[in-house]
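Student: Below are the structure tokens for one structure; questions will follow.
The values are calculated or read from the model by the stated rules, or taken from the named source; none is laboratory data. A quick note: this is a predicted structure, and the numbers were derived from the prediction, not measured. Positions of Cβ are generated from backbone atoms using ideal geometry, with glycine treated the same way; all protein chains shown enter the neighbour counts.
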């Protein structure tokens with residue numbers, strides 16, 4: 001059984017995120033946090049599959065998510081601590097390259113930064129790469145929002161609209177992950 005510490009949920013477009021009101025965010029966040037409860041997950045990150053946001057649209061999403069969860073804004077993300085100490089981070093950036101550039105920008109004054117510092121900046125406030133990336137969408141297309149996060153992660157695709165997901169959907173993805181033999185690119189001898 002594979003250890004599961006960090007789950008990244010990637011679903012919906014930025015347009016869908018912009019159209020989601022505070023009550024729907026509250027319901028969605030409750031569904032996602034309940035899905036990982038009791039699994040040992042310490043970090044849950046949520047990002048859209050694709051799209052672009054203006055600064056105004058991003059701020060509106062932040063306000064709705066903050067109203068739904070009481071979370072705090074940190075740089076380009078909002079985060080809060082759910083039950084059982086689960087750290088939940090909502091990142092409305094749907095362009096992984098943009099997220100990477102912002103992370104480098106936060107480190108521009110650091111002398112001699114390395115891969116671990118860059119990883120910490122990209123994944124903040126999480127300390128670990130995602131073990132599992134759950135993608136709400138067709139399994140024939142990788143999200144543009146993920147660049148860094150795919151390096152050491154297992155992928156599970158759920159071909160359902162992300163706002164229609166329920167606890168059972170994510171628990172199926174977690175069960176799938178836990179049955180996998182993670183070799184991180186290695187081969188069986």
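Student: What number of residues within the range 1-15 satisfy the criterion of being under 16 Å from the mean Cα position of the chain (by Cα) and part of a helix (DSSP H, G or I)?
Tutor: Of the residues in the range 1-15, 1 are under 16 Å from the mean Cα position of the chain (by Cα) and part of a helix (DSSP H, G or I).
Student: So, one more: Looking at the range 75-90 only, could you name the residues that are surrounded by 15 or more Cβ atoms within 10 Å (Cβ to Cβ) and either modelled with pLDDT under 90 or in contact with a helix residue (DSSP H, G or I) (Cβ under 7 Å, 6 or more places away or on another chain) (or both)?
Tutor: Selection gives 76, 77, 78, 79, 80, 82, 86, 88, 90.
Student: Evaluate the range 14-32: report whether one residue or more is within 27 Å of residue 177 (Cα to Cα), surrounded by fewer than 20 Cβ atoms within 10 Å (Cβ to Cβ), in contact with a strand residue (DSSP E or B) (Cβ under 7 Å, 6 or more places away or on another chain) and modelled with pLDDT of 90 or more.
Tutor: No, the range 14-32 contains no residue that is within 27 Å of residue 177 (Cα to Cα), surrounded by fewer than 20 Cβ atoms within 10 Å (Cβ to Cβ), in contact with a strand residue (DSSP E or B) (Cβ under 7 Å, 6 or more places away or on another chain) and modelled with pLDDT of 90 or more.
Student: Can you find a residue that is within 22 Å of residue 155 (Cα to Cα), in contact (Cβ under 8 Å) with a residue 24 or more places away in the chain and not in a helix (DSSP H, G or I) anywhere in the range 17-34?
Tutor: No, there is no match, as no residue in the range 17-34 is within 22 Å of residue 155 (Cα to Cα), in contact (Cβ under 8 Å) with a residue 24 or more places away in the chain and not in a helix (DSSP H, G or I).
Student: Could you list, in sequence order, all residues of the range 137-157 that are within 17 Å of residue 89 (Cα to Cα) and crowded, with 20+ Cβ neighbours inside 10 Å?
Tutor: 145, 146, 149
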